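Taking it in order: structure first as C-alpha cells, then the write-up.
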Amino acid sequence: MSYADITPPEGPPCDDENCPFHGKLRIRGKILDGVVVSDKMDKTVIVQRDYLHYVPKYMRYERRRSRIPAHNPPCINARKGDRVLIGECRPISKTVAFCVIKILERAKRPEKR
C-alpha cells in the first residue's frame, strides 16, 4: 500500500494537532497493519501484529507478537478489535511514534437492544 491510497476520513474535521489529515503531523517511514487490542488510553491505542520467527536449531517457526502504541485521532476513532493501518511519524510521546491512518475492517460488535 502506498501513501497515495490513504485518504482523509469522511465527516467533520477534528481539531487534533497530531492528526495526519487535519493537523500538522506528517507520516513518513513504515506503514504497518494490525489489530487494536486496547483503546483504554486517551487518543492512543495498542496495535498488535502477529508474525512467525524461524528457530534454526529446531528448523521450525514460532509465533511471536509485537505491540505498538499508536496515536488515535478523533476523526478516525479506532476501537478494540478493529483492523487498522498505522504509519510511522515523529515521536509524539515517550512510547508513541506511530499514528492510525485508516481503519481496514471494523470489529463486529453486538447490537444494543
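The values are calculated or read from the model by the stated rules, or taken from the named source; none is laboratory data. This one's a predicted model, so the numbers in the text were calculated from it and none came from an experiment. Neighbour counts run over all protein chains shown; Cβ positions are idealised from the backbone, glycine included.
Points to keep in mind about this one:
- Members of region 1-59 found to be among the acidic types (Asp, Glu), over 19 Å from Ser93 (Cα atoms) and in contact with a Gly (Cβ under 9 Å, 6 or more places away or on another chain), listed by number: Asp50
- Whichever residue in region 54-79 is among the β-branched types (Val, Ile, Thr) and modelled with pLDDT of 95 or more and, among such residues, is nearest to the chain's Cα centre (by Cα): Ile68
- The set of residues from region 70-91 being more than 15 Å from Gly29 (Cα to Cα) and in contact with a strand residue (DSSP E or B) (Cβ under 6 Å, 6 or more places away or on another chain) comprises His71, Asn72, Ile76, Ala78, Arg79, Lys80, Asp82, Arg83, Val84.
- Reported count of residues in region 80-113, each being basic (Lys, Arg) and at pLDDT 95 or above, is 4.
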